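> I have a structure here, written as C-alpha cells, and I will follow up with some questions on it.
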Amino acid sequence: MSLSIDSHITCYRYPAYLLFIPHLIMENDNNKLLKVCEVKLSYRPAVKPSERPVIKASMDIFRVLTDYRIFDPDTIEYKEYFKVLLLNTGNKLLGVLHISEGSIKETTVDIQHIMQGAILANSRYMILCHNHPSGNCAPSRADDSITRKIKTACELFDIKVIDHVIVSPNYYYSYADEGHII
C-alpha cells in the first residue's frame with residue numbers, strides 16, 4: 001500500500017494516523033484510490049473555569065447532583081439513571097455525561113460511551129453516579145462489577161475514577177467514603 005498527500009502535509013505511514021490527515025489518498029493493492037476524511041476532535045466549554053464547581057468530597061458530589069438537578073426529582077424514584085461527572089486536574093466539574101436511562105430496577109451502561117466522553121472533554125478524573133429508585137442506596141453486585149470494569153478501562157487512558165455515588169432523593173452512598181475505590 002502506498003500513500004500520497006495532495007497538499008504540503010507530511011505523510012505518516014502508520015495506520016493510526018490515517019484518519020487525522022486531511023485529504024489523504026490511499027492506494028491499495030488493486031491500484032484503487034480511496035479518500036479518507038479528516039476527523040477533528042473539539043471541546044468548547046460553555047462555562048468559564050472560575051464558575052465551575054470544585055468537588056473535594058462526597059458531600060460536594062451530592063450537592064452538585066441535587067442543586068444542579070442532575071437527577072430529576074420528579075423521576076429519581078421512578079427509574080434508574082446512570083450519569084458521569086467529568087473533572088479536570090483541579091477537580092473542577094467539566095461536564096455531565098448522561099449515559100443511560102433504564103427501568104425501575106436496572107439500567108445499561110456503555111463503557112465505550114463513557115470513555116468517549118471523558119476523552120473528548122480531556123477529563124482527568126471521573127465520578128460515576130446512578131440512582132436506586134427503591135431508595136436503598138446500598139450497592140449491588142452489578143454496581144460493583146460495572147465500577148471495576150469502568151475503572152479498568154480508565155486506567156488505560158490515565159483517567160482516575162475517584163468515586164461512585166448511588167443516590168436517592170435524600171441519601172447517598174459513596175464508594176470512596178466506604179473505602180471501595182482506592
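> Which FRET efficiency value, to the nearest 0.05, is calculated for Asn170 and Lys79 with the Förster distance at 22 angstrom and r the Cβ-Cβ distance?
Working: r = 18 Å, r/R0 = 0.82.
After rounding, the FRET efficiency stands at 0.75.
> Out of Ser123, His164, Ser145, whose Cα points farthest toward the positive end of the dipole of segment 49-174 (charges: +1 Lys, Arg; -1 Asp, Glu; placed on Cβ)?
Ser123
> Would you mind computing, in nm to one decimal, how far apart the modelled labels at Asn91 and Ser140 are, each placed 7 Å from Cα along Cα→Cβ?
In this crude spin-label approximation the distance works out to 3.1 nm.
> Starting from the Cα of Lys92, draw a straight line to each of the aspartates and glutamates and keep only those under 14 Å, dropping any in the same chain fewer than 8 residues away.
Excluding near neighbours in sequence, the set is Glu51, Asp60.
> Would you kindly derive the ³J(HN,Hα) couplings of segment 164-172 from the backbone phi angles with the Karplus curve 6.51 cos²θ - 1.76 cosθ + 1.60 (θ = phi - 60°), listing them in order in whole Hz, with x for Gly and Pro?
The phi angles translate into 9, 10, 10, 10, 9, x, 10, 9, 8 Hz.
> For the pairs Lys83/Lys149; Lys48/Lys160; Lys105/Lys151; Lys83/Lys151; Lys83/Lys105, flag any whose C-alpha to C-alpha distance is greater than 20 Å. If you can, show how the numbers build up before the last one.
Working: Lys83/Lys149 15 Å; Lys48/Lys160 23 Å; Lys105/Lys151 23 Å; Lys83/Lys151 15 Å; Lys83/Lys105 16 Å.
In this structure, Lys48/Lys160; Lys105/Lys151 exceed 20 Å between Cα atoms.
> So, one more: Using the Cα centre as the reference, give the magnitude of the dipole from point charges on the C-beta atoms of segment 49-174 (Lys, Arg: +1; Asp, Glu: -1; all else neutral), rounded to the nearest 20 debye.
Using only the charged Cβ atoms, the result is roughly 340 debye.
> At 7 Å along the Cα-to-beta-carbon direction for both Ile104 and Asn122, put a label point, then send me their distance in nm to one decimal.
In this crude spin-label approximation the distance works out to 4.5 nm.
Rule-based calculations on the coordinates, nothing more; no lab input. Just so you know, these numbers come straight off a predicted model, no measurement behind them. Positions of Cβ are generated from backbone atoms using ideal geometry, with glycine treated the same way; all protein chains shown enter the neighbour counts.
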